[in-house]
């Protein structure tokens with residue numbers, strides 16, 4: 001009788017632990033779903049932002065390919081001013097961080113979800129992070145070059161009023177909008193823009209892949225855990 005009582009107690013405790021772990025798993029998955037939704041939104045917005053950056057680069061390069069007297073200097077100033085801005089992906093990794101740091105990936109019954117999460121996290125912390133480091137380095141170099149080429153007096157946060165004022169100033173004093181650096185430095189800027197464009201293209205590709213991964217994991221979570 002004593003053995004049966006101990007064994008029954010063991011089964012009850014084991015069942016209670018399974019119930020607690022199941023509840024913890026569900027809480028983690030609810031939190032993870034919210035993180036992935038935010039990641040997806042940010043990845044879509046960031047992809048759009050960086051696609052606009054490529055168009056900005058292309059416009060500058062097209063103008064610089066023209067003869068010095070044929071360039072649209074106001075357009076160059078406007079696009080170069082836009083190159084001052086930067087955008088980094090904010091990884092919502094609070095739940096994945098908790099799963100990794102506390103060794104709680106074992107709680108996930110669906111190994112496909114666990115494997116997908118590990119792959120998703122690795123892609124962000126390796127491939128995308130490496131591209132961000134390279135992108136940031138060339139971004140800083142390009143801004144140093146712009147300081148030599150353009151008069152920063154006319155660089156301000158881009159607004160419609162700023163753009164209209166720039167047009168007005170050019171009509172009044174077109175001579176002040178000349179490029180300050182010799183043509184050799186202008187062409188160095190032109191060449192570095194091509195590298196920046198290439199890095200940005202790789203970055204966009206990585207973000208699109210990550211977005212698809214996040215969407216697939218969200219679908220798995222909704223199906224397996226009946227989440228919305």
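The values are calculated or read from the model by the stated rules, or taken from the named source; none is laboratory data. No experiment lies behind these values; they were computed from the predicted model shown. Neighbour counts run over all protein chains shown; Cβ positions are idealised from the backbone, glycine included.
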query: Quick one: residue 92 ticks every box in (1) out of contact with any helix residue (DSSP H, G or I) (no Cβ under 8 Å at 6 or more places or on another chain); (2) outside any helix (DSSP H, G or I); (3) surrounded by 13 or more Cβ atoms within 10 Å (Cβ to Cβ) bar one, so which box is it?
result: (1)
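Please work out which residue is nearest to residue 143 (Cα to Cα), limiting yourself to segment 39-60 and to residues that are in contact (Cβ under 8 Å) with a residue 24 or more places away in the chain and out of contact with any helix residue (DSSP H, G or I) (no Cβ under 7 Å at 6 or more places or on another chain).
So, considering only residues that are in contact (Cβ under 8 Å) with a residue 24 or more places away in the chain and out of contact with any helix residue (DSSP H, G or I) (no Cβ under 7 Å at 6 or more places or on another chain), the one nearest to residue 143 (Cα to Cα) is 58.
Of everything in segment 182-205 that's within 13 Å of residue 148 (Cβ to Cβ) and free of Cβ contacts under 8 Å to residues at least 40 places away in the same chain, which residue is surrounded by the fewest Cβ atoms within 10 Å (Cβ to Cβ)?
Ranking the candidates gives 184 first.
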- request: Only residues that are more than 18 Å from residue 59 (Cα to Cα) and exposed (fewer than 14 other Cβ atoms within 10 Å of the Cβ): list them for segment 162-176, please.
  value: 164, 165, 168, 171, 172, 173, 174, 175, 176
Residues within segment 86-130 that are more than 23 Å from residue 24 (Cα to Cα) and without any contact (Cβ under 8 Å) to a residue 40 or more places away in the chain, tallied: 5
message: Being part of a loop (DSSP other than H, G, I, E, B) and on the phi < 0 side of the Ramachandran plot narrows it down to one residue among 156, 169, 161; which is it?
response: 156
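Matching residues to (1) more than 30 Å from residue 71 (Cβ to Cβ); (2) modelled with pLDDT under 95; (3) touching a helix residue (DSSP H, G or I) at 6+ places or on another chain (Cβ under 6 Å):
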| residue | (1), (2), (3) |
| --- | --- |
| 99 | yes, yes, yes |
| 104 | yes, yes, no |
| 107 | yes, yes, yes |
| 115 | yes, yes, no |
| 118 | yes, yes, no |
| 132 | yes, yes, no |
| 145 | no, no, yes |
| 162 | no, yes, no |
| 174 | no, yes, no |
- line: Exactly one of 179, 227, 220 is surrounded by fewer than 17 Cβ atoms within 10 Å (Cβ to Cβ) and not in a helix (DSSP H, G or I), and that one is 227
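Quick check on this structure: which one of 75, 99 is under 30 Å from residue 146 (Cβ atoms) and part of a helix (DSSP H, G or I)?
Within the list 75, 99, the selection yields 75.
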